[in-house]
Amino acid sequence: MPSSFNMPSPSAAPMRTAATPRKRRSGASLTRELPGARSPAARSGVTTSWIDHLLPYAFLAAIVFVTLIWNFMANQGRDTNAFDVILNALFFKNRNGQPAVSLGIWWLHLFTWLVAGIIALGDVAANQRKAPTGAWWLRGLGLYSAVVWGMWLIFSLIHGARVAQGAVLQGSRVSVEQLSDFVASYIVDYYVAAFVVILILGWALWRSSSRRLLTWTARGLVTSFSAALIGVIVITFVSTVNIGLVRADTYYKQGQAYDGVGQWQGAIFLYRKALAIAPDEDYYYLFLGRSALEQAKVDTDPAERQRWLDDALSVLTRAQTLNPLNTDHTANLARFYRSRGELQTSTTEREGDWQTALTYYQAATRLSPSPSVQREGTGLFPARQPRARSAAAGGRR
């Protein structure tokens, strides 16, 4: 064998290179995971089902139901039992002082329950992998109804008991202030219930979205601090602004009840309570001034009468200052001077007040040419008809 011929050594043998990975085609899935890898939901230990997706809808509907029964639980019959308060709110209405059957509120509840249920079950069913069976629809409807009507019943019984207690206090010898403060606190029942349901709703949404849960909680203390800060801001705003305005309106409506039966001092007290919370509400000043004027008419003490008249003028002027384009405020000042003129013992002072009243009637007619205001300005002072008609005509021009 020629010496120039050498056998190749094993180390010189050509190496077989590994195959170069093929380039991924455009459009290929980028979300494929390695064998044995688990989804974020599985890694979190949280699995979701159709129940997890239905519960947020049910809790949202429960908030609507709590709002409905709170709005319509008026206790016009002054019932002292929570069940009677609920039944009368749903099925009866006070007409001319007598209870009469009225199913409007009940039908409103049923309509809301039906529409919200169709939306909730329809959306959950549309996201199922298989077409739901009849048994599934029945289970879903049962769960949805149990949550909605259960929470509604719990709140209705709690709030109904409070309203019934208010009726008991109304029949006892408590002061107007104590009774009005108790009734004005009804709004707290609603906000506490709504806040609790919203917290449960947040928990239900948390469960139904595990992927977002992992991302959201990954920030740790920063996320917790932000959530706590937002919660404090929302609670502070609701308690100082929204609850306050509702309490002010509650005082005003209680004042209307005293106003309607001629108990002017009780009405004045409650209107002032409303204004202490909402000092820029011109509508409250309007009724406060009217009640002070009516109290002046029935007070026999000259000093007290003058005090009520001064209060009425100050309050009605404040109402016009807050809302000068409201015709009612200008017309009420006209009525004030007309009424004060009727109470004057001096002819000169009476004539002066009536002339001022005609001037305000003219101004009210310019703001809004209302036939009723024109009739008041031209028909309430027979001895001054020509001048009154001239003032009203000047307002129309």
query = Of the peptides 141-152, 322-333, how do they stack up when ordered by the mean number of other Cβ atoms within 10 Å, highest first?
reply = 322-333, 141-152
task = Would you mind computing, in nm to one decimal, how far apart the modelled labels at V196 and L157 are, each placed 7 Å from Cα along Cα→Cβ?
result = 1.1 nm
remark   = PRE zone check, label point 7 Å out along Cα-to-Cβ of D280, amide N under 17 Å, scope region 315-355, hits 318-326
query = At T345 and R139, where each label point lies 7 Å from the Cα along Cα→Cβ, what is the point-to-point distance in nanometres?
reply = 8.8 nm
inquiry  = Spelling out what I want: for every residue of region 54-62, take phi, set θ = phi - 60°, compute 6.51 cos²θ - 1.76 cosθ + 1.60 (Karplus), and round to whole Hz; glycine and proline get x.
reply    = 7, 4, x, 4, 5, 5, 5, 5, 5
request  = Sort 103-110, 283-290 for me by packing, meaning the mean count of neighbouring Cβ atoms within 10 Å per residue, highest on top.
outcome  = 283-290, 103-110
query = For F92, which sequence-distant residues (separation of 5 or more, or a different chain) have an amide H within less than 5 Å of its own amide H, given hydrogens modelled in the peptide plane?
reply = S102
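FYI, it's all coordinate maths here, none of it is from the lab. Model, not experiment: these values are computed from the prediction. Every residue, glycine among them, receives a Cβ derived from its backbone with ideal geometry; neighbour counts consider all protein chains shown.
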